[in-house]
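Here is the structure we will look at.
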Amino acid sequence: MSATEAKHEIGSAGEEWDPKIIVFCCNWCSYAGADLAGVSRLQMPTDFRVIRTMCSARVDPEFVLRAFAKGADGVLVAGCHPADCHYIGGNYRTRRRIAMLRMLLEQYGFDPDRLKLEWISASEGEKFQKTIREFTEKIREIGPNPITED
Amino acid sequence: MMSKVGAVMVIGGGISGVQTSLDLADSGFKVYLVEKRASIGGTMAQLDKTFPTNDCSMCIMAPKLVAAGRHHNIELITNADVEEINGVPGDFRVTLKRRTLRVDENKCTGCGVCAEKCPVETVDEYNQGMKKRKAIFVMYPQAVPLVFSIDKEACIGCGVCYEECRAKAVVYEKPDEALEISVGAVILSPGFDEFDARLKKEYGYGHYKNVVTSIEFERMLSATGPYFGAVLRPSDGEIPKKVAFIQCVGSRDEQVGNTYCSSVCCMYAIKEAIIAGEHTAGLKPTIFFMDVRAVGKEFENYRERAEKEYGVIIRRGTRVASVEEDTATKNLLVRYSENGGIATEEFDMVVLSVGMRPSEDAEKLSRRLDFRLNKHGFCETDVFSPLCTSRPGIFVSGSFASPKDIPTTVAEASGAAAKAAALIADVRNTQVTVKEYPAEIDVTGQEPRVGVFVCHCGINIGGVVKVPSVVEYAKTLPGVVYAEENLYTCSSDTQEKIKAMIKEHNLNRVVVASCTPRTHEPLFQNTIREAGLNTYLFEMANIRDQCSWIHMHEPEKASKKARDLVRMAVAKARLLEPLKKSSIPVNHSTIVIGGGLAGMTAALEVSAQGFPVHIIEKTGQLGGSLARLYHKEGTREPREYMNELIAKVRDAKNITVHLDSEVKDVTGFVGNFKVKTSGDEIESGVIIVATGATDYKPSEHSYGKDKRVITQLELEQKLEDKSLRAKKIAMIQCVGSRNEQVPYCSRICCVTAMKNAIAVKRQNHATEVYVFHKDIRTYGFREELYKEACELGVKFIRFPEEDMPRVGGNGDQLEVIAHDTVLGEDVLVKPDILVLSVGIRPNEGNEELAKMLKVPLSKDKYFLEAHMKLRPVDFATEGIFLAGSAHWPKFIDEVIAQASGAATRAMTIISKDELETEGIIAAVNEDICDGCGICEPTCEYKAIQVVKVSENPERLKVAVNEGLCKGCGACVAACPSGAMEQKGFKSSQVIAMIDSALEGGDS
Amino acid sequence: MSDFEPRIVGFLCNWCSYAGADLAGVSRFQYPTNIRSIRVMCSTRVSPHLLLEVFKAGADGVMVGGCHIGDCHYITGNYYTEKRIMLTKELLRLAGIEPDRLRLEWISASEGERCANVVADFVKKVRELGPSPIPRDSRLALRLDAATEAAKVFRLRLLSGKEIKLTGEGNAYGEKVDPERFGNILRNAAQEEFQRNLILELTKCSALSVKEMAKETGEATDATLERVVALRSKNLLALSVVEGMTPKYKAIIVGGV
């Protein structure tokens, strides 16, 4: 579990490649957990951009697919732990939706591990850091989004 | 003629004080929330998780803290003590002393640079001494208010904090302040202190490193604590293999002078054991209980899960004599008695479940405010007025009155608010301020003109991110007509600057790139509104908490990320639209379903505040279960109190009683309910469910067949009319509770048994009384009853969990046989009368009523509240509230407190003429919507309904109830046709951010 | 050890001690050849971590020469020198190196003979102490590294630098801090920073448990755990792995993610 060292992969253009990761955070839990990671000064890779929604259930499959279509190498959806959703049951829907999307991605020849769902509560700054580090490393392993190479 | 003041002072900013303050502030009263520490939050802010839901404590508490900090009707006065009070109920003058923070709270932005540089490290009390903090500090990072303060004792006055503070907020010579405040009522909720474990010398706390208190353990379990959530032995940092919890440390203990039960330690020990097991693979802690007092809603279920799912080892009927340390390993030898013998067991770590004792300020407060404490040193209250102190106009809630758990505290907090509000109901809305804003500028049809403000936050952002480059980049973005950098965008002078720039450059969208919207969005929204812009024309980019702070050593990449985040925020800002919050009218009536103790109490509290109430009672008379209780509680008899209530209800001009009425149909929503009964149709703004519960009619032990087998209520009747003839009485506890079919504990039976046993002995001391029990659950001050029963010679037989007593005997003589776990052998008693302590059951009508109201039931078929810890009297469905045994079995004082609480919660709605809805709600495009209805079940708040299109009844569409929609967006993502949208988070807006994030581009 | 020739490095202030040394030469006062002097404008230029680096480089003794108290060309410079040397000696002591290897002397421009005598005496003392153990003892070298890092920590530099003002003139409250209290605070801080940095040095390459750290540092395991808590809360140390019931920690290398 040592600190991730930046591994640079050479893309087809022969340049160094940094992954582009989109993270959807829900306002009440995971966004707060990300804030706490910041307050605690927990360092992590820079390759992700956060988009905030009120609930993880707002994350439309269209958003995920659009992100991949526009060149995202990985998408992470973060919500509250089951039973802790601020809107009571939203995250159960998110769980089903992401499971379905992963199957869909696989059918299209995409590595389903490019899409990840994680439950991160408002007090889990360290978990946010760990998730970002591990996911970034995973995406580096998987490689760039095949769409952008075509 | 005295004038009343429409304000209330709440003393104590823990969960109780915060709840009371929010309730009062939401009902039109000004609140002064006085807290002795530098931030609010109390003990609950130190907890990791809460039982029985295992919610993260700070996660559920923080929204309430932030709301209290921001509420324009709540004034926080921190670091303050109460000195004196003068006046009469309705018109008090309270003198406070505010100890100086030595920091100007109007300038401090909470950036934290001062603490980083401070050279002095001292003991961190929040982390129970297991960590260090600086001499200039904030209690914990999410503290409200987020203002640093100087601990003068530790501070050496080196001056570094002053030098480093860019906002110039440090003022060493800032003096203490004396404040005099006029209020109409005072509510005390200063909480409790924990028992000092060093007083139990035999447990070695303070000498043996690996003996810790439960609150220290709580900090260990916290992800924000000293060990980052790991369970470690303080002696050597190793993970313990075996952990023991010792219960009743400082409670139920004459030796240390605390004879009461602290009510919560059984449950919190189980919780800590479960969480410890979650954090440490393979750890199965052992808990040494005397009795396991799991009396609350779903507590028994929690205890069972702890044993079955988590492998927590629960030993009941034990007493720990001593703890000794092995000096080599620092392991601990626990010596205890169990089953009549003495045993020892070695553990790596021991946690002492310390009890609650009265707040250290109790005596001082009671002197200064002139109210009485009871013999235990807690605030004196009466069973029938649990929220009143001995001084009129001063009320009390929470653990200051008696040890209790969080849900009970929160219900009480709302209850105390009702008491205060009733006192000053006629001056409601006289002290609250309504903010005046200029007319809103109409931006429809305008091209977006975005202004971007990029913050340095002292050096927090500027020290990593190249802020000027972000400003320059922002200027190149489409739609941006103005961009500037600020040292602190949140400072008051910058607010003026922002408003000036909005006017000068005709900005119609504003983006602030700084810290997190979770704390600062409302501030900036307020600023742009003051400049005439709709509050929703605002977006934030988080370039601190989620950029500069987490990429501190990569300034180039962090700067690029900041520019990307600004680009994303601008992309969304261009598409933002002004949103209106609509209002729904509110009917000021209340319907209370159920005319028992809870129903009448709630009705009277609402009526006292000047609003009309309808009580719907299905039988022919009011009173409910009170009519069947005979024992004196304190100095009064329940039926006498009941008659008093009934008389008050009848006399109240604004209460209408509907007897012999049952609810047949409920339609409508918050503010506008319509209830059809068997005889009437009643409209109201809110509904309070107070339908009570019933007792179990047993079939065990020949009840019904043998006249000598009776229930406790029947025993009470016999004692009342002196018709009890028995030389020997046996009682069996847990009949119909804590078994396979009904696993929960009915809470009240042990206390009832004790009361009856004592009454039997008092009537005739020679009568022998035997109580067969699993545990004796006389929690709180009711422990005294257990003690008294023992002293009167009542005999107790503790039988095993799974092995109920067997009742037999020939026709002549009853026989009760049970295995006594203390003696280790079977015991035979031949009683003349056998009394069964039967459990409580939810009403059979609950299911149907729940369906009509569209509210859920718990797994035990009681009504299920919105949140078990922090919303114990609300339903998730807005506008409907809950009180009394319909929620869970409880005692008279608990019912009164909770019912008063339900009344207050109802007041937060009916005291208003209109309810403002959320702005960021769902909206359906009726042209596209084909009424497929997929969205309807996704809504937890029942805000969506499939309806017929009025012009074309063949077609269906969906209607969103703006009053109920909470703005989660679940329906939007579910909608297959794109007809459903969420204002403020429209798909087009989110997609614009996605596209912007992935733009190649030279940022 | 008769063939051991101590290698002494001297820092001499331009206005007094360096001039004094020159005068010794002009007056042909003889003294041993072991000292190599570096001229600084004021003795206060010499910061604690610089001195510790000199020891790391292999010096057997270091001497700092300044003006007599009250005579500093820059008025108050040597007051600070005194405090800095005290801190440096404390750090040397914590690291396990004889503090007497560092010497502070006030030598005025007119004290040529004294300069020679002082140097001769110091060389003799260092000869008695023996060669610096650092080059042969990697454990000690590590401890010296920790002391050097501690000397760079803002907290110690601030406390050391502000001591005179706070105990002499008065602090931000206009009160004079009791010198004993301040001394305790500074000594505790020095010990804390040294021990913390020692743990960081030890865990730069390999993850260690609290017990393993304690064995190396010589502190009790519970005190070591407190250090670990402090380092983790400052994000300098991270949990690396858990072996059985034992967590092991590693220093976080700045610059990595």
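The values are calculated or read from the model by the stated rules, or taken from the named source; none is laboratory data. This is a predicted model, so every value here is computed, not measured. For neighbour counting, all protein chains shown are included, and Cβ atoms are generated from backbone atoms with ideal geometry for every residue, glycine included. Heads up: the accessible areas ignore ligands, DNA and RNA and are worked out on the full protein's heavy atoms, side chains in. Shrake-Rupley method; radii C 1.70, N 1.55, O 1.52, S 1.80 Å.
Taking C:172, C:151, C:223 as the candidate residues, the one with maximal mean-square fluctuation in a Gaussian network model of chain C, Cα springs under 10 Å, is C:172. Measuring how big chain B is from its alpha-carbon positions, Rg and Dmax come out at 30.7, 100 Å. Note on the range A:21-140: with charges restricted to the Cβ of Lys and Arg (+1) and Asp and Glu (-1), its dipole about the Cα centre is near 180 debye.
Summing charges over all other residues whose Cβ lies under 12 Å from the Cβ of residue C:47, with Lys and Arg as +1 and Asp and Glu as -1, gives +4. With a cut-off of 18 Å on the backbone N, the residues of the range C:131-149 near the modelled label site 7 Å out from residue C:98 along Cα-Cβ are C:131-137, C:140-141, C:144. For chain C, a crude dipole built from +1 on the beta carbon of Lys and Arg and -1 on the beta carbon of Asp and Glu, taken about the Cα centre, is about 560 debye to the nearest 20. When the Cα atoms of the range B:29-86 are aligned to their principal axes, the ranges along those axes come out at 43, 23, 18 Å in descending order. Each Lys or Arg adds one and each Asp or Glu takes one away; over the other residues whose Cβ falls under 14 Å from the Cβ of residue B:517, this sums to +1. Residues in the range B:757-771 carry Karplus couplings, in order, of 4, 5, 4, 4, 5, 5, 5, 8, 4, 6, 5, 7, 10, 10, 10 Hz; the curve used is 6.51 cos²θ - 1.76 cosθ + 1.60 with θ = phi - 60°, and Gly or Pro positions show x.
From the Cα trace of the range C:186-257, what convex hull volume per residue do you get, rounded to a whole Å³? Display every interim value, and only then the final one.
Values: hull volume 6.4 nm³, N = 72.
Hull volume over Cα atoms, normalised by residue count, gives 89 Å³.
In order along the range B:697-704, phi translates into HN-Hα couplings of 8, x, 10, 6, 6, 6, 5, x Hz, rounded to whole numbers, per the Karplus curve 6.51 cos²θ - 1.76 cosθ + 1.60 with θ = phi - 60° and x for Gly and Pro. Close amide H pairs (under 5 Å, H built 1.01 Å from N) link residue B:797 with B:771, B:772, B:773, residues at least 5 positions away or on another chain.
Placing +1 on the Cβ of every Lys and Arg and -1 on the Cβ of every Asp and Glu, with nothing else charged, gives the range C:10-131 a dipole about its Cα centre of roughly 240 debye.
Under 5 Å from the amide H of residue B:382 lie the amide H atoms of B:388, each residue being 5 or more positions distant or on a separate chain, with H modelled from the backbone and absent for Pro and chain starts. Placing unit charges on each Cβ (+1 for Lys and Arg, -1 for Asp and Glu) gives chain B a dipole about its Cα centre, and among B:283, B:599, B:587 the Cα reaching farthest toward its positive end belongs to B:599. Near the amide H of residue B:32, within less than 5 Å, lie the amide hydrogens of B:8, B:9, B:10, B:75, all on another chain or at least 5 residues away, with H placed in the peptide plane. Spatial offset of the range B:813-881 relative to the range B:229-261 amounts to 31 Å, using the alpha carbon center of each.
Taking the convex hull of the alpha carbon positions in the range B:82-122 and averaging its projected area over all directions gives 5.1 nm².
Its alpha carbons give the range B:282-369 an Rg and a Dmax of 17.6, 53 Å. With K and R counted +1 and D and E -1, the other residues having a Cβ less than 13 Å from that of residue B:596 yield a net charge of +3. Sorting B:482, B:260 by accessible area puts them as B:482, B:260; the probe is 1.4 Å, largest comes first, and only protein heavy atoms count.
Placing unit charges on each Cβ (+1 for Lys and Arg, -1 for Asp and Glu) gives the protein assembly as shown a dipole about its Cα centre, and among B:796, B:101, B:975 the Cα reaching farthest toward its positive end belongs to B:101. Largest GNM mean-square fluctuation among C:127, C:28, C:196, using chain C with Cα springs under 10 Å: C:28.
Calculated from the alpha-carbon coordinates, the protein assembly as shown shows an Rg and a Dmax of 35.7, 128 Å respectively. Of the two radii for the range C:138-251, the radius of gyration is 1.08 times the Kirkwood radius, both from the alpha carbons; that is the Rg over Rh value. Diffusion coefficient of the range C:1-128 by Stokes-Einstein, Kirkwood radius over Cα pairs, 10 °C, 1.306 mPa s: 110 µm²/s. Across the range B:564-572, rounded Karplus estimates of 3J(HN,Hα) from the backbone phi angles (6.51 cos²θ - 1.76 cosθ + 1.60, θ = phi - 60°) give 4, 5, 5, 4, 5, 5, 5, 4, 6 Hz, Gly and Pro being marked x. When the helices of chain B are scored as -39500 (n - 2.57) per DSSP H run of n ≥ 4 and the total is divided over every residue, the value at 222 nm lands at -8000 deg cm²/dmol. According to the Cα-based calculation, Rg over Rh for the range A:21-140 is 0.95, with Rh computed by the Kirkwood formula.
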